[in-house]
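Encoded as structure tokens, the structure appears first; notes follow it.
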Amino acid sequence: MDVAVRPLRVALVGNPNSGKTALFNALTGAHQKVANYAGVTVERKEGRVLAASGRSMSVLDLPGTYSLRARSPDEEVTRDAVLGRLVGEAVPDVIVAVADATNLRLVLRLILELKAVGRPMVLALNMYDIAQRQGLRIDLERLRAELGVPIVTTVATRRRGIEDLVAEIETAAGPGWTSGGETWTAPDAEAIREAHRRAEQIMRAAVRPPERPDTLTGRIDGVLLHPVIGLVVLMALLFVMFQAVFAWATPAMDAIEAGFGLIGAGVSAVVPDSGPVWPLVQSLIVDGVIAGVGGVLVFLPQIVILFAFIILLEDFGYMARAAFLMDRIMGGAGLHGRAFIPLLSSFACAIPGVMAARVIDAKRDRLTTIMVAPLMTCSARIPVYTLIIGAFIPQQTVWGFANLQGLVMFGLYAAGIVSALLVSFVIRKVFWRGAVEPFMMELPAYKTPDAKSVLLNLWIRARIFMERAARIILPLMILVWAASTFPYPPEGATQPAIDYSFAGMIGHALEPIFAPIGFNWQMVVALVPGMAAREVAVAALGTVYAIADVESAGSLLGATLAAQWSLATGLSFLAWYVFAPQCVATLGVVKRELNSWKWMWVMVVYMFALAYLASFATYRIAVALGGG
Ligand SMILES: Nc1nc2c(ncn2[C@@H]2O[C@H](COP(=O)(O)OP(=O)(O)OP(=O)(O)O)[C@@H](O)[C@H]2O)c(=O)[nH]1
Ligand SMILES: [Mg+2]
């Protein structure tokens, strides 16, 4: 390729949690996920920068690693990117070693390894603001001399030092490029010891310990990592989170509902309701789009509140502590300590959760984690849970302070967590035995969350939710509406029109399978498109009931369900959604990550079996107790 037009290839390499992604975002204007724990990035991501000189650069953000001697799948990505082993990808022209300036010891060894690769290199001394605040003295000249690489100090989150870094990268690359695969051989034990010695020597020569060491982190940890107090704080945080999801979201949800109600009424008023086509158009808009998509968008405030909590805790640096606290319990259930972050990510969505399992190096531990990740309560379940809780659980205060609906929500999340622990315990017992690896996660220093970055993250979450509504839910709802409307009932039909439609036929055909767990045919109609994405079930229920019974159109779905379903049926539906693998996208990712159809099918079968059993038990018990 013509050297003059080919963009300069730059790879960001460094220890986990050193700010590579923050730097990548600052360089390229991307919005990749940044958070204060190790193992956030598990894939390579590429972005473009235009240097002031007009030269174009292609920047790679990579998973964090301590060494090129990779152990886990995410570290292999980094190693292969550095060595130019990725398919269709050449070796980088410049390696940017990203270092947390407050934590140089470990990264020096990595830098020495990277130097052995022989590419031009620049050291970005990131988190320089924290280093300065602590009074850490780094002799930059000395460090530069010892390492033999140019150094730029950066504060990625404040975009400080970015231009200098770009300029240094250009200088390091020189006018021309030499390409070709790199030969790098893993160092032997003696070479590793030598690198240790060299790193210690450089530390002593160039770094003076801080005048004000970070005692705050230690003091906070004394409380938050305490085996008893720490767990109490963790439980209290979760409790407050679910209370907030219910208590604070209500006004905003009411406003959104009222908004969609107004739009629906407006459409009904504007569109004539006579003629062969107009009533159909009106039904499509009011019963299909508004009852469906609006019925899901109503849950946006809850999603935002839940994520605000999660993002704040992540940025503060609490999540790694929660992982530490849970390690004993998770280890007892046969889960690797590093499974915590993948499982935590699954609260957003099982897909990033399954991918985050790449940080686990032991194959079996990774498999176990992936198999249970979809049991964690993803945000697509929130609309389903909230709808049913709102319809069947009274809005009342228990024990004088707790909101009962919030408690039930807490219980559903707990059910997901407990079942994940139980299933992994069984997987361990049935498929393999042996000790779980000891916990090895670095505890990051506490950081004050940055308001701008929190808001940006929140916005990204909200946008994902709304885009799903537009891309997945809207088209599916048009299908559901059509299937529920056509064919028209025959002359002289006695039942509601929907009974004669395709949807009605499918629902009635499958109803016997679901009757033992208390589901009626309308619910079965909702489950089928709900396989695409869980919240579609809520949208589909909205449409099915809107078409079946005009008076319940739009915002009153909860009230309709409360009138049409027994309490036992409502609870059974909740139990179904705790366990059922109602998401084809997750199954696709599981197949891809494990490279195995077999394990994907094992997941489908075990989750459906659990769902059916749990719903059956819930329904029967509720009926026996008088809830039928
Ligand atoms: N104060 C300060 N915080 C920073 C700076 N750079 C990054 N951070 C914060 O440090 C944490 C880690 O940043 P990331 O960019 O996610 O780190 P990473 O190296 O990509 O981490 P992995 O993907 O897990 O390897 C986040 O909470 C950032 O907001 C910095 O220069 N100063
Ligand atoms: Mg990252």
>> If I ask for residues that are in a helix (DSSP H, G or I) and under 24 Å from Ala205 (Cβ atoms), which ones from segment 140-163 would you list?
In response: Leu140, Glu141, Arg142, Leu143, Arg144, Ala145, Glu146, Leu147
> Which residue pairs have Cβ atoms under 8 Å apart, sit 6 or more places apart or on different chains, and have a first residue in segment 165-176 that is over 14 Å from Thr153 (Cβ atoms) and a second that is among the polar types (S, T, N, Q)?
Replying inline: Glu170/Ser53
> Which one of the conditions (1) part of a helix (DSSP H, G or I); (2) at pLDDT below 85 does Met523 fail to meet, given that it meets all the rest?
Replying inline: (2)
> Going by the conditions given, is Glu190 within 16 Å of ligand 1 (Cβ to nearest atom), modelled with pLDDT of 80 or more and surrounded by fewer than 19 Cβ atoms within 10 Å (Cβ to Cβ)?
Replying inline: no
> Listed residues Ser596, Ser572; which is among the hydroxyl-bearing types (Ser, Thr, Tyr) and modelled with pLDDT of 95 or more?
Replying inline: Ser572
>> Which residue is nearest to the chain's Cα centre (by Cα), if the candidates are limited to segment 251-264 and must be hydrophobic (A, V, I, L, M, F, W, C) and open to solvent by 60 Å² or more (accessible area, probe 1.4 Å)?
In response: Ala255
>> Can you say whether Gly161 is within 14 Å of ligand 1 (Cβ to nearest atom) and at positive phi, as far as the supplied structure shows?
In response: yes
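Can you tell me which residues in segment 483-519 are within 14 Å of Ser283 (Cβ to Cβ) and surrounded by 15 or more Cβ atoms within 10 Å (Cβ to Cβ)?
Across segment 483-519, the qualifying residues are Ala483, Ser484, Thr485, Ala497, Ile498, Ser501, Ala503.
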> When you go through Trp248, Trp278 one by one, which is the residue that is more than 27 Å from Arg321 (Cβ to Cβ) and either open to solvent by 50 Å² or more (accessible area, probe 1.4 Å) or not assigned by the TED database to the domain that holds Gln405 (or both)?
Replying inline: Trp278
>> Let me spell it out: the conditions are (1) more than 22 Å from Thr215 (Cβ to Cβ); (2) touching a Leu at 6+ places or on another chain (Cβ under 9 Å), and Ala131 meets all of them except one. Which number is the exception?
In response: (1)
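Yes or no, residue by residue, for (1) free of Cβ contacts under 8 Å to residues at least 12 places away in the same chain; (2) over 27 Å from the mean Cα position of the chain (by Cα); (3) assigned to a helix (DSSP H, G or I):
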| site | (1), (2), (3) |
| --- | --- |
| Lys591 | yes, no, yes |
| Trp601 | yes, no, yes |
| Val605 | yes, no, yes |
| Phe608 | no, no, yes |
| Ala611 | no, no, yes |
| Ala614 | no, no, yes |
| Thr618 | no, yes, yes |
| Ala622 | no, yes, yes |
| Leu625 | yes, yes, yes |
> Which pairs do you get when a residue that is among the hydroxyl-bearing types (Ser, Thr, Tyr), found in segment 263-288, comes within reach of a residue that is open to solvent by less than 50 Å² (accessible area, probe 1.4 Å), reach meaning Cβ atoms under 8 angstrom, with the pair 6+ apart or on two chains?
Replying inline: Ser268/Gln282; Ser268/Val286; Ser283/Trp481; Ser283/Thr485; Ser283/Ile547
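Kindly establish whether Ile427 is buried (at least 19 other Cβ atoms within 10 Å of the Cβ) and within 18 Å of Ala333 (Cβ to Cβ).
Taking the combined requirement at face value, the residue satisfies it.
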> Restricting attention to segment 141-164, which residues are open to solvent by less than 60 Å² (accessible area, probe 1.4 Å), more than 16 Å from ligand 2 (Cβ to nearest atom) and in contact (Cβ under 8 Å) with a residue 40 or more places away in the chain?
Replying inline: Leu143, Glu146, Leu147, Val149, Thr153, Ile162
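Looking at segment 199-224, which of its residues are surrounded by 15 or more Cβ atoms within 10 Å (Cβ to Cβ), touching a helix residue (DSSP H, G or I) at 6+ places or on another chain (Cβ under 8 Å) and either within 16 Å of Lys115 (Cα to Cα) or not small (Gly, Ala, Ser) (or both)? Don't jump to the end; show me each part of the working.
Taking segment 199-224 first, the residues surrounded by 15 or more Cβ atoms within 10 Å (Cβ to Cβ) are 199, 202-203, 206-207, 210, 214, 217, 220-221, 224.
Still in the running and touching a helix residue (DSSP H, G or I) at 6+ places or on another chain (Cβ under 8 Å): 199, 202-203, 206-207, 210, 214, 221, 224.
Ala199, Ile202, Met203, Val207, Pro210, Asp214, Asp221, Leu224, listed by residue number.
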> Which residue out of Asn36, Asn17, Asn25 is within 16 Å of ligand 1 (Cβ to nearest atom) and over 30 Å from Ala195 (Cα atoms)?
Replying inline: Asn25
> Considering only residues of segment 529-569 that are of a type outside the set (A, V, I, L, M, F, W, C) and not in a helix (DSSP H, G or I), which is modelled with the lowest pLDDT?
Replying inline: Asp549
>> Among the residues that make up segment 61-73, is at least one of them touching an Asp or Glu at 6+ places or on another chain (Cβ under 7 Å), within 12 Å of ligand 1 (Cβ to nearest atom), β-branched (Val, Ile, Thr) and modelled with pLDDT of 90 or more?
In response: yes
> Only one residue in Val590, Val604, Val578, Val584 is among the aliphatic types (A, V, I, L, M) and open to solvent by 50 Å² or more (accessible area, probe 1.4 Å), so which one is that?
Replying inline: Val584
> Do we find that Val117 is open to solvent by less than 40 Å² (accessible area, probe 1.4 Å), more than 13 Å from ligand 1 (Cβ to nearest atom) and touching a helix residue (DSSP H, G or I) at 6+ places or on another chain (Cβ under 7 Å) in this structure?
Replying inline: yes
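The values are calculated or read from the model by the stated rules, or taken from the named source; none is laboratory data. Fair warning: this is a prediction, and the values are worked out from it, not measured in the lab. With ideal geometry, Cβ positions are generated from the backbone for all residues, glycine too; neighbour counts draw on all protein chains shown. Please note that ligands, DNA and RNA were not included when accessible areas were found on the heavy atoms of the full protein model with its side chains. Shrake-Rupley method; radii C 1.70, N 1.55, O 1.52, S 1.80 Å.
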